[in-house]
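One structure is given below, encoded as structure tokens.
Nothing in this text is a laboratory measurement; each read-out follows from the coordinates by a stated rule. The shown structure was predicted, so the numbers you read here are calculated from the model rather than taken from an experiment. Please note: Cβ atoms are built from the backbone with ideal geometry, for glycine as well, and neighbour counts cover all protein chains shown.
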Amino acid sequence: MVAVKVCGLTCVADAVLAADLGASAIGCVFWDKSPRFVVPSVAARIRASLPSHVGMVGVFVNASRAWIEEVRGEVGLNGVQLHGDETEEFCESLTGDVIRAVTLENENDLDDLVGLSKTVTLLLDAHDPVRRGGTGRVVNWTLAARLAARRRLFLAGGLRAENIAEAVRMVRPYGVDISSGVESQPGVKSKQLMRKFFSAMADV
């Protein structure tokens, strides 16, 4: 069973729907340059609305360890997801589950990514040094499959109902991460698109 993480949530209603449809985790963004940014108090209300079996991940970009731990404590995060230029040492120093966003531009990057700490789960997304994710751009699934065969991987980047079955069949990832593909606008999830996405996932 492929895990599904719905990321970039900003309100309780969208989080509850994601959980009801079968999401294994939801993500909130704690980077104030993102259109999906939420403050910890809002995220804490979202967390409180979720059933115990649905995890909550906090997304950070080049944040200090102090800020990450403060948010983790206030919100009750199950894990953190790093989308900046964090070093491997920084990633390994964090407690709990850590997801690290990476890009895979060509075959030469494969060995480097495989060699990263196994205590960190990788999330493969399209390269964008400005927006740091949520771009709607699809990654190279052929290269992604080679990476997923060698270590635990979340696949992100332009996933939506129309392509998720093919993406999962090609890449065979541990999990998928969706954001813009189920939105009516950044930070606002579409009930119709979310239902359509999870319906497509049921056929994988």
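Quick rundown of the values:
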item	result
Exposed-site-free run, longest, the chain (rule: GluC sites (Glu not before Pro); DSSP loop; at most 14 other C-beta within 10 Å)	1-104
Inter-part distance where segment 1-48 and segment 57-106 are each reduced to a Cα centre, Å	16
Trypsin sites (Lys or Arg not before Pro) within segment 1-44: DSSP coil, no more than 15 neighbouring Cβ in 10 Å	Lys33
Partner aspartates and glutamates for Lys196 [C-alpha distance under 18 Å; skip if fewer than 8 residues away on the same chain]	Asp14, Asp20, Glu162, Glu166, Asp177, Glu183
Share antiparallel - DSSP beta bridges, segment 3-202, percent rounded to 5	5
From the coordinates shown, Kirkwood radius over Cα pairs in Å corresponds to which of (1) 16.7; (2) 17.9; (3) 18.5	(1)
Theoretical gain in end-to-end length, Val42 to Leu110 [0.36 nm per residue, Cα-Cα removed]	20.7 nm
Sites Arg169 and Ser52, calculated FRET efficiency, Cβ-Cβ separation with R0 25 Å, nearest 0.05	0.20
Packing-based exposure ordering (other Cβ within 10 Å, fewest first) of Met201, Met170	Met170, Met201
Contact order normalised by residue count of segment 3-202, Cα under 8 Å, 6+ apart, percent	19
Set of lysines near Lys33 by C-alpha distance (under 24 Å), chain-local residues within fewer than 8 positions excluded	Lys5, Lys189
Local electrostatic count, Asp20, Cβ distance below 14 Å [Lys/Arg +1, Asp/Glu -1]	+2
Per-residue Cβ neighbour rank within 10 angstrom, fewest leading, Val12, Val98	Val12, Val98
Ranking of Leu9, Leu147 by count of other Cβ atoms within 10 Å, fewest first	Leu147, Leu9
